[in-house]
Amino acid sequence: MTERTAPPIAGTAEGHSSAPFIPGLDGVPAARSSVCFIDGDQGILEYRGFPIEELAEKSTFEETSYMLLWGKLPKRAELEKFSRDLATHRDVRFRLIDLLKCLPDTGHPMEALQAAIAALGMFYPDRDPMNATDRYNSTVRIIAKAPTLVAAYHRLSHGKDYIPPREDLTHAENFLYMLSGEVPDADVARVMDICFILHAEHSMNASTFAGRVTASTLADPYTVVSSAIGALTGPLHGGANEQVIHMLQQIAEVEKVRPYIEDLIHRKQKIMGIGHRIYRVKDPRALVLQKLAAQMIAKRGGNPLLAVAQEVEKVVAEHLAAKKIYPNVDFYSGVVYEAMGMPASLFTPVFAIARVSGWLAHWLEQLVDNRIYRPSQIYTGTHNEPYVPIEERA
Ligand code: COA
């Protein structure tokens with residue numbers, strides 16, 4: 001696996017006088033992990049050794065989550081039990097719904113999700129990371145309830161009633177049902193399911209690292225996941241999918257793509273949904289999502305955004321291919337969701353609902369051979385400053 005590696009910057013690190021400073025920890029291994037493999041030159045992504053394309057075609061989110069968490073494909077009875085456990089733990093206590101009602105309507109659903117997952121732990125005292133039963137129960141509860149919290153806040157903040165989950169639907173069907181009150185068509189639910197699979201895991205990205213850092217302190221899993229949600233929120237990470245759709249809507253027409261993108265490049269602005277720390281080719285998830293976008297748009301009738309997105313990709317390639325910068329997972333996902341009728345504010349929460357499984361897989365792995373994360377720093381401040389009394393300060 002080859003990764004783009006920034007040159008180290010010399011300096012003296014606390015306790016490690018010879019350690020170089022590497023901005024963004026570019027290329028620095030932060031864990032030994034068997035959860036996910038990426039070859040950024042070849043565009044290969046595997047969860048537990050299974051190619052992402054095969055999982056997207058043949059698996060379900062429930063099965064993929066099981067496999068991420070426990071390292072193997074489940075037997076039929078194991079999958080049935082896990083799916084049943086998820087379905088029966090979907091609903092949340094009414095006090096959590098009250099909590100969501102109290103949050104400002106103007107908040108972002110990611111902020112509500114982070115707050116609600118942190119609060120969720122307070123309702124479940126059986127959350128000891130060192131206890132196997134607590135670990136299983138917490139894992140099931142967090143994966144099961146994350147879609148409920150997202151759908152509930154979305155409806156409540158738009159003045160609508162909470163729609164409780166249904167146990168007879170799949171994870172993907174139930175999420176779409178809780179948003180609208182209608183059971184989705186099977187093909188739309190399958191597209192949602194594939195999107196969940198594609199977003200479920202992605203090795204040592206910023207949110208997974210944030211979650212693993214919190215896990216290394218032996219904090220409970222609700223706190224671990226809420227840390228990771230906070231990191232996912234930013235526009236350089238999961239927040240990019242929402243920014244992409246705003247950009248495409250702003251461009252609106254294929255003819256306007258070139259001047260818009262060339263202006264961004266000229267002003268050295270980042271184009272959202274483009275570029276990746278590891279991939280030096282097009283993100284394999286973007287390839288699957290591009291096909292799903294075409295599929296959804298064919299079903300729902302014309303939508304100019306896919307054509308605009310493809311033109312953006314073309315113009316970006318003309319200018320930035322030399323830097324090996326191509327569309328990432330966030331570039332086409334929003335076009336898929338938009339075609340499904342989902343508002344842009346839900347795009348990053350959908351990413352989070354799926355990634356909960358990957359974060360929890362890393363949490364379980366971190367606990368096996370844990371050592372608290374405590375990197376060093378290169379101090380750039382002064383020493384032995386004289387303490388001047390406040391009345392004498394100029
Ligand atoms: N648009 C334009 N130029 C970009 C770019 C983008 N989206 N992403 C990277 N570049 C350029 C940088 O300007 C830099 O050019 P330079 O070497 O001439 O200075 C070079 O490519 C390397 O980029 P850098 O920012 O150092 O890469 P990184 O590994 O630190 O950052 C991302 C990776 C993902 C944060 C970055 O590509 C980005 O901001 N992309 C847009 C946000 C996004 O889509 N995030 C979701 C990621 S899944």
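Give me the accessible area per residue for region 240-339, probe 1.4 Å, as a whole number in Å².
Values: 4580 Å² over 100 residues.
Per-residue accessible area for region 240-339 comes out at 46 Å².
Would you mind calculating the relative contact order of region 240-339 from Cα pairs under 8 angstrom and at least 6 residues apart, reporting the percent as a whole number?
46 percent
Solvent exposure of region 55-95, expressed per residue, is 56 Å² of accessible area, with all protein chains present and a 1.4 angstrom probe. Across the chain, the longest run free of exposed loop sites, meaning chymotrypsin sites (Phe, Trp or Tyr not before Pro) lying outside DSSP classes H, G, I, E and B with no more than 11 other Cβ atoms within 10 Å, spans 1-378. What a 1.4 Å probe finds exposed on region 33-141 is 53% carbon and sulfur by accessible area, rounded to a whole percent.
The H on the amide N of Ile44, modeled in the peptide plane, is under 5 Å from the matching H of Asp39, each at least 5 residues off or on a different chain. Model label sites at Glu111 and Glu167, defined 7 Å from Cα along the beta-carbon direction, differ in position by 3.6 nm.
Here the Karplus relation 6.51 cos²θ - 1.76 cosθ + 1.60, evaluated at θ = phi - 60°, turns the backbone of region 36-48 into coupling constants of 8, 10, 10, 10, x, 7, 8, x, 9, 10, 10, 9, 6 Hz, with x for every Gly and Pro. Between Ala189, Ala30, Ala152, where does the largest GNM mean-square fluctuation fall for the chain, given springs only between Cα atoms within less than 10 Å? Comparing Ala189, Ala30, Ala152 in the GNM, the peak value goes to Ala30.
Annotation: lysines with alpha-carbon distance below 19 angstrom to Lys256 (same-chain offsets under eight excluded): Lys268, Lys270, Lys314. Taking each residue as 0.36 nm, the span from Ala77 to Arg95 lengthens on full extension beyond its C-alpha to C-alpha distance by 3.1 nm. Derived scalar couplings between HN and Hα for region 330-335 equal 7, 6, 9, 4, x, 5 Hz in order, rounded to whole Hz, by the Karplus curve 6.51 cos²θ - 1.76 cosθ + 1.60 (θ = phi - 60°), x for Gly and Pro. The 3J(HN,Hα) values that the Karplus relation (6.51, -1.76, 1.60; θ = phi - 60°) gives for region 312-323 are, in residue order, 4, 4, 5, 5, 4, 4, 4, 9, 10, 4, 4, 8 Hz. Gly and Pro appear as x.
Ignoring ligands, DNA and RNA, please state the percent of accessible area on region 240-339 from carbon and sulfur, probe 1.4 Å.
52 percent
Over the chain, Cα pairs under 8 Å with separation of 6+ residues give a relative contact order of 22 percent. Stretched out straight at 0.36 nm per residue, the stretch from Trp70 to Lys58 would grow longer than its current Cα-Cα span by 2.4 nm.
Of the trypsin sites (Lys or Arg not before Pro) found in region 73-160, those in coil by DSSP whose Cβ has at most 13 other Cβ atoms within 10 Å are Lys75, Arg93, Lys160.
Roughly speaking, what is the stretch gain from Phe37 to Tyr136, that is 0.36 nm per residue apart minus the C-alpha to C-alpha distance, in nm to one decimal? Mind showing how you got there, number by number?
Working: separation 99, 0.36 × 99 = 35.64 nm, distance 2.45 nm.
Result: 33.2 nm gained on full extension.
Less than 5 angstrom separates the built amide H of Ile274 from those of Asn328, all sequence-distant by 5 or more or on a different chain. Put simply, the amide H of Ile378, placed in the peptide plane, has no neighbours under 5 Å, leaving out anything fewer than 5 places away on its chain.
Here's the list of aspartates and glutamates a cross-link from Lys324 could span, going by alpha-carbon distance under 13 Å and ignoring same-chain residues fewer than 8 apart: Glu3, Asp41, Asp283, Glu313.
Taking a straight Cα-Cα cut-off under 29 Å and skipping sequence neighbours fewer than 8 places away in the same chain, the lysines within cross-link reach of Lys72 are Lys58, Lys81, Lys145, Lys282, Lys291.
The values are calculated or read from the model by the stated rules, or taken from the named source; none is laboratory data. Quick caveat, the model's predicted, so the values are computed rather than measured. Here the Cβ is made from the backbone with ideal geometry for all residues, glycine too, and neighbour counts use every protein chain on show. Note: areas computed on protein heavy atoms with side chains; ligands, DNA, RNA excluded. Shrake-Rupley method; radii C 1.70, N 1.55, O 1.52, S 1.80 Å.
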